[in-house]
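Only one structure is covered here, and it is reproduced in the block below.
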Amino acid sequence: RFGLAQLHQLRGRIGRGEHKSYCILLTSSQAKEASEKLAVLERTSNGFEVAEADWELRGPGDLLGTAQSGLPALKIGNLKTDAHLMRRARGAAMSIFQADPRLESPENQRFRRLIVEKHGRTFSNVS
């Protein structure tokens, strides 16, 4: 029931006093995900590593919507290993939008159609 971030926070609250203390986490679940969460917490106390493992277990969610977990609708690419390519693509997109915010120029019409077709509700100002 608890997410990795919650378990990591709970673990961080233990042992803050003057007495020696231990954090013992158990699960009665036979689910693979439960044992994977505990293995992450056993392996590291680094919050960034815990967050990355949580992201790998749960998925990044809907980057343009509201879902906070689950598999993305990406057909090609890996959000973790292709981050440098995504930064370049974002930079190119920003350049296009800075030069043509409403995507009205002929060379940007295909982008405009794709955005409206695939993300019309999310980007309701582009029509």
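Numbers below:
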| quantity | calculated |
| --- | --- |
| Length gained when the stretch R58-T27 is fully extended (0.36 nm per residue, less Cα-Cα span) | 9.3 nm |
| Tensor-based shape of the range 4-58 (alpha-carbon gyration tensor, a/c under 1.5 rounded, otherwise prolate or oblate) | oblate |
| Cross-link reach list, aspartates and glutamates versus K37, counting only Cα pairs under 18 Å and skipping chain neighbours closer than eight places | E49, E52, D54, E56 |
| Sequence ranges 94-102, 4-12, ranked by mean other-Cβ count within 10 angstrom, highest first | 4-12, 94-102 |
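Bear in mind that the values in this text are calculations on the coordinates, not laboratory data. Worth saying up front: this structure is predicted, and the values here are computed from it rather than measured. A quick note on method: Cβ atoms are made from the backbone with ideal geometry, for glycine too, and the neighbour counts reach across all protein chains shown.
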